[in-house]
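See structure below.
Coordinate-derived values only; no laboratory data. Predicted model only: the values in this text are computed from it and were never measured. Don't worry about glycine lacking a Cβ; one is built from the backbone with ideal geometry, like all the others, and counts go over all protein chains shown.
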There are 2 protein chains.
Amino acid sequence: MAKRELGARNCLYPLPTVLVGALVKGRPNFITIAHVGIMDLQTVSLGMNKTHFTKAGIFENRTFSVNIPSQDMVEKTDYCGLVSGKTVDKSKLFKVFFGKLQTAPMIEECPVNMECRLVKTADFPAHDIFMGEVVATYCDESVLDDEGRLDYARLRPILFTMHDAGYWRLGERFADAWSVGKGLK
Amino acid sequence: MAKRELGARNCLYPLPTVLVGALVKGRPNFITIAHVGIMDLQTVSLGMNKTHFTKAGIFENRTFSVNIPSQDMVEKTDYCGLVSGKTVDKSKLFKVFFGKLQTAPMIEECPVNMECRLVKTADFPAHDIFMGEVVATYCDESVLDDEGRLDYARLRPILFTMHDAGYWRLGERFADAWSVGKGLK
């Protein structure tokens, strides 16, 4: 099989595009982030360029929110990554609500909202990594199935790839994890 | 809008399912991981339960590989998450090759392979987080477009959601990042 070497290219995509909320000097701010991840079952990570305005709010309050927009929100989602809270007041773009932590502003229009408590950071040359424990999750009824479970087909997340700067839809569910491979045992 | 509180539920999905390779006591081993992420542009993260056999190899060699399987490989991919290298020799499941680092076994059948050097770790109660710098990437010609860029539609990654233990397809690319929101400026 012919393999081509691409150089040192990070290809770990697609990742879900989220809107991260923080209170910066008392004002809600939102930034688009797709360099996200999961650490352990309760903990998410955000890779955020050190220049981002939002990071001051995360360091100050040690809280943030992760809001998952649906595809309908792609324009506003993209916009939040194009303009900085340094120069634009993004607090009026959305209906904002607060939960248990009181300092993690969440976006009502996003079907899924998680409020997080900062538990660890990691320092990279141009990026700060924020690792946050999810302490509460809020969900629109419209994206839950009959059993009350989040249905990603109804959520319709915005998936991101870097090299072609693309937003992608989620396709269909096609197999069961921890199951489809049992035949090889 | 009616929001339901789900408790402290991590909903940051879907994430790409990968096969992580490491040399454990000289033998290639592969483990299925979907709790992955991106730290900065060059660095990926893996959240790995402390019980996993593979972690000894990562700590020993300070290298690992991240192999992205296509949907065709869903059975073998799932299987690698069902059985442990403690009891099953997974080195014979795939054609294995090595690259620059020499201690990060890669899977030829996976269309994308990244070899990584361990740069940081983070310690969680039940999980070790491995953060690796991508040092070289290998790609099947069949998943590159005419300009030599990785095309995720051709790659057909296996996307994972936790609550329903689902494997999902990638849908179509529907918008340009850093662009579709410009109209709101």
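Positive-end ranking of A:Thr137, A:Ser179, A:Tyr152 along the dipole of the range A:111-185, with charges on Cβ about the Cα centre, is headed by A:Ser179. Shape class of the range B:28-101 from the Cα gyration tensor (axes a ≥ b ≥ c, square roots of the eigenvalues): rounded, since a/c falls below 1.5. Here the protein assembly as shown is treated with +1 on each Lys and Arg Cβ and -1 on each Asp and Glu Cβ, and its dipole about the Cα centre works out to around 840 debye.
Per-residue Cβ counts within 10 Å, from other chains only, averaged over A:138-149: what number is that?
Values: counts 6, 7, 4, 4, 2, 2, 2, 2, 0, 2, 2, 5.
Average neighbour count from other chains, rounded to a whole number: 3.
Just to confirm a number: summing +1 for Lys and Arg and -1 for Asp and Glu over residues other than A:Lys3 whose beta-carbon lies under 10 angstrom from that of A:Lys3, what do you get?
Value of the local net charge: -3.
Please list, by residue number, everything in the range B:139-183 whose backbone N is under 12 Å from a paramagnetic label point 7 Å out along Cα→Cβ of A:Glu172. Flagged as within label range: B:169.
Each of the peptides A:26-37, A:168-179 was scored by the mean count of other Cβ atoms within 10 Å over its residues; in descending order, highest first, they stand as A:26-37, A:168-179.
Placing +1 on each Lys and Arg Cβ and -1 on each Asp and Glu Cβ, with no other charges, gives the range B:1-73 a dipole about its Cα centre of roughly 260 debye.
At 222 nm, what helix-only mean residue ellipticity would chain B give, in deg cm²/dmol to the nearest 500, using -39500 (n - 2.57) for each DSSP H run of four or more?
One gets -3000 deg cm²/dmol as the mean residue ellipticity at 222 nm.
Between the alpha-carbon centres of the range B:119-135 and the range A:20-70 there is a gap of 20 Å.
Within 10 Å of the Cβ of each residue in B:65-74, the mean number of Cβ atoms contributed by other protein chains is 2. Each Lys and Arg Cβ is given +1 and each Asp and Glu Cβ -1; about its Cα centre, the range A:98-185 then shows a dipole of about 380 debye.
Across chain B, the relative contact order, built from alpha-carbon pairs under 8 Å that are at least six residues apart, equals 23 percent.
D by Stokes-Einstein for the range B:6-132, Kirkwood Rh over Cα pairs, 10 °C, 1.306 mPa s: 108 µm²/s. Each of B:Ser84, B:Ile68, B:Ala126 was placed along the dipole of chain B (beta-carbon charges, centred on the mean Cα), and the one lying farthest toward the positive end is B:Ala126. Charge tally for A:Tyr79 (other residues, Cβ to Cβ under 10 Å; Lys, Arg +1; Asp, Glu -1): +2.
Available extension along the chain between A:Val88 and A:Phe59 is 8.4 nm, counting 0.36 nm per residue and deducting the alpha carbon span. Remark: spin-label model distance B:Phe98-A:Ala2 equals 2.7 nm, labels positioned 7 Å along the Cα→Cβ axis.
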